[in-house]
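Just so it is clear, none of the values below were taken in a lab; they were calculated from the coordinates. Remember, it's a predicted structure, so these values are computed and weren't measured experimentally. FYI the Cβ positions are ideal-geometry reconstructions off the backbone, even for glycines, and counts take in every protein chain you see.
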Number of protein chains: 2
Amino acid sequence: MITVEEAEKVILAQAADYGAEIIPFELSLGRVLAENIKADRDLPPFNRVTMDGIAVNYNAIEDGVCTFKIKATQAAGDEPVDIEEQDECIEIMTGAMLPGSVDTIIRYEDLSLRAGLATLVTNEIKRGQNIHYKGQDKKHNEQVAGIGQLITPTLISMIASVGETELRVKKLPRVVILSSGDELVDIDQTPSPYQIRRSNNYTVKAVLTQHHIDADMLHLPDDELVIKKQLKTCLENYDVILLSGGVSMGKFDHIPKALEELKVEQLFYKVQQRPGKPFWFGKHNKGPLVFAFPGNPVATFMCLHRYFLPWLNASIGKKQKLALSAVLNSRISFHHPLKYFLQVKLQQNEYCQLVAIPVEGNGSGDFANLTDTDAFMELPLERNEFKKGEVFKVWPFA
Amino acid sequence: MITVEEAEKVILAQAADYGAEIIPFELSLGRVLAENIKADRDLPPFNRVTMDGIAVNYNAIEDGVCTFKIKATQAAGDEPVDIEEQDECIEIMTGAMLPGSVDTIIRYEDLSLRAGLATLVTNEIKRGQNIHYKGQDKKHNEQVAGIGQLITPTLISMIASVGETELRVKKLPRVVILSSGDELVDIDQTPSPYQIRRSNNYTVKAVLTQHHIDADMLHLPDDELVIKKQLKTCLENYDVILLSGGVSMGKFDHIPKALEELKVEQLFYKVQQRPGKPFWFGKHNKGPLVFAFPGNPVATFMCLHRYFLPWLNASIGKKQKLALSAVLNSRISFHHPLKYFLQVKLQQNEYCQLVAIPVEGNGSGDFANLTDTDAFMELPLERNEFKKGEVFKVWPFA
C-alpha cells in the first residue's frame, strides 16, 4: 500500500502530451491554447474616440476659442475628416478614428449645439481627453494569448479582436468509462430485487463533460471472454480507461486477469486513503492508462478529483489553479492509518475565510450525502485528531 | 441616473418564469430541476454486502464457531442463497444482496480458506459488519432531488439510481446578442484602417454558453429601416435582447428611436457606476426584455455578471450561491460620484482569506487587462478612499 502523495507522483509521472488540433474559434471555450497568438495590428488599431461629441485641436482652446464651427460629422467606421482652421471642429462618434488635425474630444454633455456651432459649457478640458490611443492595449505583434492558457470568455474577446477564426488547441485524451457486473442494469431498465441501476458511470461522464471530454461508456458483463475482448478493443481505441469497481479480490472479478494478459502493467494497487483504498492504476505498454477506481461511488468521485483531473491538467498543459485550503469548522476524530478525505460544505465567513463544514454521511458509499457537500478536505495521514480552526487542503467539486 | 442597487431592483423585478421542458437525462448537466424526484424504492434497495468474503450468522461466532463450511457462492446480482446450519456460510461478493439467514460479513483478509472451509484469523468481528443497510441512504418515496436544484455530477448519480431517464427542467430564455455599427467587421474579415473586428458579442455568447444558453448573434448595420425591421423580428422571437453599444447620444444611434417606436419602454437609463454608466434597460409590452449594455466591452462584461446573470438565476429559480467578499489588498482612491467596479485578481492567503489584488488597466475599455483578472470588486458609492485590509463584495468570472 502506498501513500496518497506517492500515488499522485506515480500518476503525474504518466502525464502525456496528446498533441494539438485546429478547431473553429467558436468551439474553443474551455479548451487550452497550443499556440501563441499575436496582435495582427495595434490594439486599438488607431486613436479611438471614446465619447460622442466634437473633436478639436487643443491649441485653439489655449488660444481662447470657445465656439467651434462644425465642419463635418464623422461616424464610427468613417474615413477621418480633418479640420483646416483652428476654430473648426468635427462632430464625431464613439469608436471613430481620431483625425490627425485634432487631439481632444469634448463630449456632448459639455457643449451647447446650435446652427452648426458648438460652444463649450465647461472649463475642465484636458488635452488628449476621451481618446483610447493606438497600441495602448497591445502593440502590433505583441502576444495577446499564449500556449497553456485556458480559453475563457475574456480571452475569446482578445482572440476575436485579432481575427483568429481557427485556433490550435491541446488535444484531449480519448476516454472510455467502463462499468462492470451483472448486478448493474441500465437506468431505463427495471432492476430485479437484488440488482441496482448503473449510476457511477454517468457521474464520471458528467465530471468529464465539465472538462470538455466527451467520454464513451461501455458496460462489461461478468463473462471472462467478453471482458478480455472488450478491454482489448478499448486499449486499442482510447488513451485512458476509467473503471469503477471490478478490480478487487472478488471471485468474479475477471478484469485484473484480463488486464494482465493484455499487458497492462500494474503501477500501484491500494492507497492509504479513505475512501478509495482499493484504487488500482496501470499502464499498457503501448501507452493507454487504466485508472481502476473502487466500486464505491464516493471513492470514485474523490479519486477522479484528486488524481484524474490533476493528471488531465498536467497532460494538456493547463496552468493549474493554486490549491485551496479551508478552516475546519468542527472537531474530527479518525483513528485509522489512512488519509481521510472528509466530505465538507464550503462557506465564507465574515473575515472572508473559506470554512469547511463537515457533513457526516452513512459511510463512504453514501452518495446521497455527497449532494449536500461541495468539497473533500484532505486530512493528514499521521494524525487522528483534527481541531476546529485548523487549516487543511480542500478539493472542491461543482 | 439611478444607483446600482436601484438598477438591480428594477431588473430583478422583471425575473420571469419561462416554464419547463422535458429533456433526456443525459443532457441535463448544469440545468435546473423543475420537478421533485423521489426514490422508486429504498436506496440501497436491499441489505448490500460491502466487502468480498463470507456471510455468516453472528450467533455462531457467539457460540464459538470459528470454521465455517462454504455452502454456496453468491455473486453480486445473484439471487440470495440461505444457510441451513449455524456452521455454514455463503461465500459472497461486494454488491450482493445479504441472504436473510445471515447478518455479518467477514472479509477475505480475515479468513483462511481451504478445502471448502473458511476459518477466522481475527477476533475482531462485530455483528452486522460490512453491510450497507436497505434504505440507509433514502427510503422508498423519499425525495432525492427537488425543484430549483442545479443538476451537478453528484445529483446525476442520484437521478440515475432511481431510473429517471427524462427530466423536467426549467426552460432557459431565448436570447439574441446584437452588435451594431458599420465600424465593426466580422472576425474573418479584414478591417479597414478605421474599422475594428467584432469581439464583444463573442464574449457575451461565451458567458451565456457557460450558463447553458445557446444564444443567437445578429449584427445591425447603421441603417434606420433595417434596424427597426430586425429589432421587430427579435422582439417577436426572443425573450431577451442583449445589446452592446448603440444606445447613446451618438448621432447615428438609431436603436433608441427604433426601440421606442416598437413599444419597448425604458425602465432606466444610466447607472451611477464605472464602468457602465450609459446602461439602458427596457421592456416590450409583450414581455421581451432589452439589456442595452454600453459599447465599452469591459462595461458590458461587468453588467452581464452584475445584472444579467442574477436576473437569469432568479428567472430559472436557481438557488443563488451566497455572495462572495474579499479583502482589498492595496489602497484605492476613486473620486467620482460613481460606484467603482475594480478589476481584481483573487487569491487565497495563508489564513484562508480571499484576497483581491487590484490590476490597473489603461481605462475601462481595455479588455487586455481583464484577461489577467478574475473578478470585479464593488466599492461603495459614498466613499472615495478604500484602505488595504477592508472587505468588499466581489463578482467573480471564469
Output ³J(HN,Hα) for the stretch A:81-90: one whole-Hz value per residue in order, computed from phi by the Karplus curve 6.51 cos²θ - 1.76 cosθ + 1.60 with θ = phi - 60°, and x for Gly and Pro. 10, 8, 8, 10, 10, 5, 8, 9, 9, 10
³J(HN,Hα), Karplus 6.51/-1.76/1.60, whole Hz, each residue of the stretch A:38-55, x for Gly, Pro: 10, 5, 7, 7, 4, 10, x, x, 8, 5, 9, 5, 10, 9, 6, x, 10, 10
If I model a spin label at B:GLU62 and A:LYS319 as a point 7 Å from the Cα along the Cα→Cβ vector, what separation in nanometres do I get? 6.5
Footprinting proxy, A:CYS66, B:CYS234: sorted fewest to most Cβ within 10 Å, the residues are A:CYS66, B:CYS234
DSSP beta bridges in chain A [antiparallel fraction, %, rounded to 5]: 70
Using a 7 Å offset from the Cα along the Cα-to-Cβ direction at both B:GLU21 and B:ASP82, what is the distance between the two label points in nm, to one decimal? 5.3
Across peptide A:344-351, how many C-beta atoms of other chains are within 10 Å of each residue C-beta, on average? 3
In terms of modelled amide H atoms, which long-range or inter-chain residues lie less than 5 Å from the amide H of A:ARG31? A:ILE151
Taking the Cα centre of each part, how many Å lie between the stretch B:77-96 and the stretch B:177-256? 69
Volume per residue of the C-alpha convex hull in chain A, rounded to whole Å³: 205
Spelling out what I want: for every residue of the stretch B:316-327, take phi, set θ = phi - 60°, compute 6.51 cos²θ - 1.76 cosθ + 1.60 (Karplus), and round to whole Hz; glycine and proline get x. 8, x, 7, 4, 6, 6, 5, 5, 9, 10, 8, 8
Listing A:TYR108, A:TYR238 from the residue with the fewest other Cβ atoms within 10 Å to the one with the most, what is the order? A:TYR108, A:TYR238
For the stretch B:245-398, what is the largest minus smallest coordinate of the Cα atoms on each principal axis, given in angstrom and ordered from greatest to least? 57, 37, 29
To check you understand DSSP bridge types, tell me what percent of the beta bridges within the protein assembly as shown (both residues inside) are antiparallel, rounded to 5. 70
Nearest 5 percent is fine: what portion of the DSSP beta bridges confined to the stretch A:324-396 is antiparallel? 90
Which residues in the stretch B:102-131 place their backbone N less than 15 Å from a point set 7 Å from the Cα of B:THR73 along the Cα-to-Cβ direction? B:108, B:113-118
Residue mean of other protein chain beta carbons inside 10 Å, A:352-359: 4
Between B:ASP214 and B:LYS126, how many nm apart are label points set 7 Å from Cα along the C-beta direction? 5.2
If you build the convex hull over the alpha carbons only and average its shadow over all orientations, what do you get for the protein assembly as shown? Give it in nm² to one decimal. 36.6
Under 29 Å between alpha carbons: how many lysine pairs meet that in the stretch B:282-370, if sequence neighbours fewer than 8 apart on the same chain are excluded? 12
Per the helix-only model, chain B has a calculated mean residue ellipticity at 222 nm (DSSP H runs of ≥4, -39500 (n - 2.57) each, divided over all residues, rounded to the nearest 500) of -5000 deg cm²/dmol
Is the stretch B:324-396 rounded, prolate or oblate when judged by the Cα gyration tensor, a ≥ b ≥ c being the square roots of its eigenvalues, rounded requiring a/c under 1.5 and prolate requiring a/b larger than b/c? oblate
Amide H of A:GLN273: which non-local residues (sequence gap of 5 or more, or other chain) have their own amide H closer than 5 Å, using H built in the peptide plane? A:LYS339
Taking the beta-carbon count within 10 Å as an exposure proxy, list A:TYR194, B:TYR202, A:TYR351, A:TYR269 from fewest neighbours to most. A:TYR351, A:TYR269, A:TYR194, B:TYR202
Over all directions, average the projected area of the Cα convex hull of the stretch A:48-132 and note it in nm². 4.6
